[in-house]
Amino acid sequence: MQVAKKAPIVRLPPKSNTEILLVRGSQTAVILIGVVVGVFALATAEYILMPIALGVVIGLMLGPIASRLETRNMPPGMSATIVVLLFIIGLCLFALAVAAPLSFWIERLPHIWANLKVQLAELKGPLESLRGMRDQLREITGSEGIAVSVDQGVSVESMATLAPAVLGQVLIFFASLYFFVATRHQTRIAILRLCFNRRLRWRVAHVFRDIERLVSDYLISISIINILEGIAVGIGLWIVGVPSAAMWGALAILTNFIVFIGPAVMVVVLFVIGLAEFDTLGGSLLPVAIYLTINMIEAQFVTPMVIGKRMTLNPFVVLLALVFWIWLWGPFGGFIAVPALLICYALARNIIPDTGWADTALR
């Protein structure tokens, strides 16, 4: 009986440094191409993806309310309906709270415009000085200046075209919010069933848990910070004699949820109030100065410290996330920037836990 001979073992020569570099370079290039394609897809599909993402984020925020209702034997569809109705009622109350003072201040617009013209007249001296400095600069450099032309023929999209687009996004948002809240448990179970082993199923379950906990903690922290900031703004405006200070403090609480755009709107509103209530341009800027001082303290010190202590988020990473999402989707992207960052951290910490960077950035 002959014994079968084993096949000889072929040992490949070790790869050179050049080959290793080329392999790693090709892998990095594939990753970069995937990132670029993903960003391009997000920008191209903004009309659909942005309201869906907003619906998911709001759903994560309102999910605990639905869970509390479901503990009382309420069907998920009914709890989702109640959550959506509560959200709509909150939006309507906000609109009513803003509409009432706006109607009062709109009636005073002629008086505000008259004050503005008088106060702008005080700036003629500084403007003449700036004009003289510009003429001197032209004489030194020999430049005739830069001609700036304004195209008066810029086309404005008609309301007949804009209204259906906005209405479609609103419908997509509410549909996403409702179905996400109503089917969140079914979606979780369906995804867990796709996991082919117990270890992966355990990690995915922890991803869902961490995402819900982190987003909820973040929104609760931001809500507390905004409430305290609104109280401080109301007190500051009351001290300098601005009428309806409590109302403007409440408006500051609500507008601060919209990153960058909200504070900018608040600055314009307070500047208009200052023009109506003070006789000088310096006095008109006093409410704006109070708000900007409080907002700067909140943005530069309070929020990074509170969010950092609760979630150990790197403030620079948060800034990059805000810049990226605002550049991609505008103010609505700024609203979902930090929740999206928290979701990425939860995925990294549970899917690839051995890297260590996720645990360092988020504990």
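The values are calculated or read from the model by the stated rules, or taken from the named source; none is laboratory data. Note that this is a predicted model, so its numbers are computed, not measured. Note that each Cβ is placed from the backbone with ideal geometry, even for glycine, and that neighbours are counted across all protein chains shown. Note: areas computed on protein heavy atoms with side chains; ligands, DNA, RNA excluded. Shrake-Rupley method; radii C 1.70, N 1.55, O 1.52, S 1.80 Å.
From the square roots a ≥ b ≥ c of the eigenvalues of the alpha-carbon gyration tensor of the range 223-284, which class results: rounded (a/c under 1.5), prolate (a/b over b/c), or oblate?
oblate
Order the peptides 180-187, 341-348 from the highest to the lowest mean number of other Cβ atoms within 10 Å of their residues. Mind dumping the intermediate values first?
Details: 180-187: 17.6, 341-348: 20.1.
Sorting 180-187, 341-348 by mean packing, highest first, produces 341-348, 180-187.
Taking the Cβ-Cβ separation of Leu171 and Thr71 as r and a Förster radius of 25 Å, what is the calculated FRET efficiency to the nearest 0.05? Display every interim value, and only then the final one.
Numbers: r = 30 Å, r/R0 = 1.21.
After rounding to 0.05, the efficiency reads 0.25.
Ignoring ligands, DNA and RNA, what accessible area per residue does the range 189-314 give at 1.4 Å, in Å²?
Ligands and nucleic acids excluded, the result is 53 Å² per residue.
Tell me, what HN-Hα J-couplings in whole Hz come from the Karplus equation 6.51 cos²θ - 1.76 cosθ + 1.60 at θ = phi - 60° for each residue of the range 295-303, using x for Gly and Pro?
Each residue of the range 295-303 in turn: 5, 5, 4, 5, 6, 8, 10, 5, 4 Hz.
Using 0.36 nm per residue of separation minus the Cα-Cα distance, give me the extension gain between Met247 and Thr18 in nm, one decimal. Walk me through the numbers on the way to the answer.
On the way: separation 229, 0.36 × 229 = 82.44 nm, distance 6.72 nm.
Here the segment from Met247 to Thr18 would lengthen by 75.7 nm.
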